[in-house]
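Note sheet for the following structure.
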Amino acid sequence: SHPLLCPPGIKCGGVLSAPSGNFSSPNFPGLYPYETECTWLIVVAEGSSVQLSFSHFELEYHDTCAYDYLQVYNGAARDRGNLLGTFCGHSPPPPFSSAWHVMAVVFRSDRHVAKHGFAAAYKKDACGGQLTGLSGEITSPRYPESYPNDAECRWSIGGASGGGPLTLVFADFQLEGGQGCGFDYVALFDGPTVAAPRLGRYCGSARPPRTVSSTPHLLIIFKSDFNIGGRGFKAHFYSAGECQEVFTTIKGNFSSPQYPNFYPNNLKCQWSIQLPPGYRVKVFFLDMELEGRSSLTGGCDYDHLSAFDGGTENGSLLGQWCGWESLAPVTSHSNRLLLVLHTDRNTAKRGFSISYVGVVPMNVSCTRTDFHIQIPVQSLAQLERKRIYLGTPSCAAQVVGRNFKIHTRFDTCGTESQRRNNTSVIVSTLYIDFSVGDQEDIHQYEVQCEPKRKEASVTLIAGPDPSRLRQAENLVDAQQWEGEVIDAREIKSQDTSDIVFISICILAGLLMVIAVVGLVLL
């Protein structure tokens, strides 16, 4: 949809569909024209990839490439999630390998200062290449058909902005075997060249172990000899920094790669939250903007965030979201929760920001006059008993056997009587102080009892940093144990009803006084 601004008679941009080819800036090797915009769309056979390289490169220089520039896209142009890089000056772009069968190159010049431009070449089905994304997939040539003999492929992964150590996972692996892997093999190096430490050399049909580099670079070499092949391999890589994280602390926060800037396309990122046994994980969505729902199916068919109970994608699905949504918190049923972000080949958005907190395992019960609270010591093994208290620090827990216990009457420990849904309930706040040094970290749970029914419930009301959580809606939703689910807005309306009730009582009292005085005067 962007016009080609070339002067008449100058060839500029177009669709390149041959298996290989060359293209260059207008007038190359002469000076390129002013006020020019060209887009080349390289399209090769489905299932193939594109390898792009530059033999000459000279554009007007600017520190942010604001004047003349060349952009390379991993797919269709003008989608920021596909952008592999913007280049200008005299340093040529590195070689690029596309993640699928489409690649786009955009060249633009302004109205001042022309240079000699660039010359580029591309070819399909490149064996190996330079991969710079936060995540991606590589396969042996012709996979899943048998790979060719006498092949040698090199994939150099790394160079993504903000990228951390790289993780490589093999989903499928079948090569010719042999002692010492001297025939066909895959070799992994902890850096950009074979001079880096070798991480492993593999062959046969046993999948190599998950490999993590110690640098933001990883070199993969595949080599086959003159006979006997196999199905080959399929592997997935991701940057361990932004795209793959494991959390074991009681609370934390994280966001999509490059948030609040647009996330990259073609991602599969995982965040695993693993808490001590007995805990549950409560996730708060502070901000979320992903590609929207499919107009055909109404589902999250493009980019989506999924939550799984139990820590693996085989666990039960707690929810799947896309588009721009304000979401209520989600709580796991176990001590592990997995969040997975899938993005497709185009249309990136801002992404998401998330906080989570561990819901402490506890048993709350009540009689008509007392609260009974019990928390396993192993769940709070690092805490002294005085850091767990009901209402005020003077009502701290006692250690009885393997549990912290609080047993207190309703007329102590900051308890108060309220009316909710026209029912009298007793309410107090349980504090668990995880603070370390100057870092205050106090989690609060509302405990509630309905004395007539002897039913108790507990609700996490403050866990993650309140200043972050104020951005989210529906912050107070109940963690149900033995009673009703409480809603924050409901509480507000009930508090208001209490005020109205008291006001009516006062008004009625005044009317009675006036009536009595009237009778006396008569």
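The values are calculated or read from the model by the stated rules, or taken from the named source; none is laboratory data. The structure displayed is predicted, hence computed values, not measured ones. Neighbour counts are summed over all protein chains in view; Cβ atoms, including those assigned to glycine, are modelled from backbone coordinates with ideal geometry. All accessible areas refer to the heavy atoms of the entire protein, side chains included, with ligands and DNA or RNA removed. Shrake-Rupley method; radii C 1.70, N 1.55, O 1.52, S 1.80 Å.
Go through region 82-113 and give me each residue that's closer than 18 Å to LEU31 by Cβ and among the β-branched types (Val, Ile, Thr).
VAL113
Can you find, within region 303-325, the residue that is most open to solvent (accessible area, probe 1.4 Å) among those that are part of a loop (DSSP other than H, G, I, E, B) and farther than 22 Å from SER272 by Cα?
GLU325
Look through SER109, SER91 and report the one residue that is buried (at least 19 other Cβ atoms within 10 Å of the Cβ) and small (Gly, Ala, Ser).
Step by step, each of SER109, SER91 is checked, and only SER109 is buried (at least 19 other Cβ atoms within 10 Å of the Cβ) and small (Gly, Ala, Ser).
Would it be correct to say that SER25 is at pLDDT 90 or above, over 38 Å from the mean Cα position of the chain (by Cα) and outside the structural domain of ASP303 (by the TED database)?
Answer is yes for this residue.
Yes/no matrix, rows are residues, columns are (1) over 24 Å from TYR279 (Cα atoms); (2) open to solvent by less than 90 Å² (accessible area, probe 1.4 Å); (3) modelled with pLDDT under 95; (4) among the hydrophobic types (A, V, I, L, M, F, W, C):
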| site | (1), (2), (3), (4) |
| --- | --- |
| ALA381 | no, yes, yes, yes |
| THR392 | yes, yes, yes, no |
| LYS405 | no, yes, no, no |
| THR415 | yes, yes, yes, no |
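Which residue is modelled with the lowest pLDDT, if the candidates are limited to region 71-87 and must be closer than 17 Å to LEU16 by Cα and hydrophobic (A, V, I, L, M, F, W, C)?
So, considering only residues that are closer than 17 Å to LEU16 by Cα and hydrophobic (A, V, I, L, M, F, W, C), the one modelled with the lowest pLDDT is ALA77.
May I ask you to list the residues in region 67-76 that are in a loop (DSSP other than H, G, I, E, B), buried (at least 20 other Cβ atoms within 10 Å of the Cβ) and within 25 Å of the chain's Cα centre (by Cα)?
ASN74, GLY75
Among the numbered criteria (1) modelled with pLDDT under 85; (2) under 25 Å from HIS90 (Cα atoms); (3) in the same structural domain as GLY85 (by the TED database), which one does LEU5 miss?
Only one criterion in (1) modelled with pLDDT under 85; (2) under 25 Å from HIS90 (Cα atoms); (3) in the same structural domain as GLY85 (by the TED database) is unmet by LEU5, namely (3).
Restricting the first residue to region 249-260 and requiring it to be in the same structural domain as VAL340 (by the TED database), which pairs with a second residue that is in a loop (DSSP other than H, G, I, E, B) and of a type in the set (D, E, K, R) meet a Cβ separation below 6 Å and a spacing of at least six or different chains?
Here the result reads PRO257/GLU242; PRO260/ARG350, each pair linking region 249-260 to a residue that is in a loop (DSSP other than H, G, I, E, B) and of a type in the set (D, E, K, R).
What number of residues within region 25-58 are aromatic (Phe, Trp, Tyr) and either buried (at least 18 other Cβ atoms within 10 Å of the Cβ) or without any contact (Cβ under 8 Å) to a residue 24 or more places away in the chain (or both)?
Summing the residues that are aromatic (Phe, Trp, Tyr) and either buried (at least 18 other Cβ atoms within 10 Å of the Cβ) or without any contact (Cβ under 8 Å) to a residue 24 or more places away in the chain (or both) in region 25-58 gives 4.
Evaluate region 326-346: report whether one residue or more is over 26 Å from ASN314 (Cα atoms), aliphatic (A, V, I, L, M) and either in the same structural domain as ARG280 (by the TED database) or open to solvent by less than 30 Å² (accessible area, probe 1.4 Å) (or both).
For region 326-346, residues over 26 Å from ASN314 (Cα atoms), aliphatic (A, V, I, L, M) and either in the same structural domain as ARG280 (by the TED database) or open to solvent by less than 30 Å² (accessible area, probe 1.4 Å) (or both): absent.
Which of the residues belonging to region 285-300 are in contact (Cβ under 8 Å) with a residue 12 or more places away in the chain and assigned to a loop (DSSP other than H, G, I, E, B)?
Residues satisfying the conditions are LEU290, GLU291, GLY292, ARG293, CYS300.
Could you tell me whether PRO144 is assigned to a loop (DSSP other than H, G, I, E, B), open to solvent by less than 50 Å² (accessible area, probe 1.4 Å), modelled with pLDDT of 85 or more and not polar (S, T, N, Q)?
No.
Of the residues that sit in region 194-224 and are among the hydroxyl-bearing types (Ser, Thr, Tyr) and either open to solvent by less than 70 Å² (accessible area, probe 1.4 Å) or outside the structural domain of GLY164 (by the TED database) (or both), which one is farthest from HIS236 (Cα to Cα)?
Top of the filtered list is SER224.
Within region 49-66, count every residue that is more than 23 Å from THR347 (Cβ to Cβ), of a type in the set (Ser, Thr, Tyr) and not in a strand (DSSP E or B).
So the count comes out to 2.
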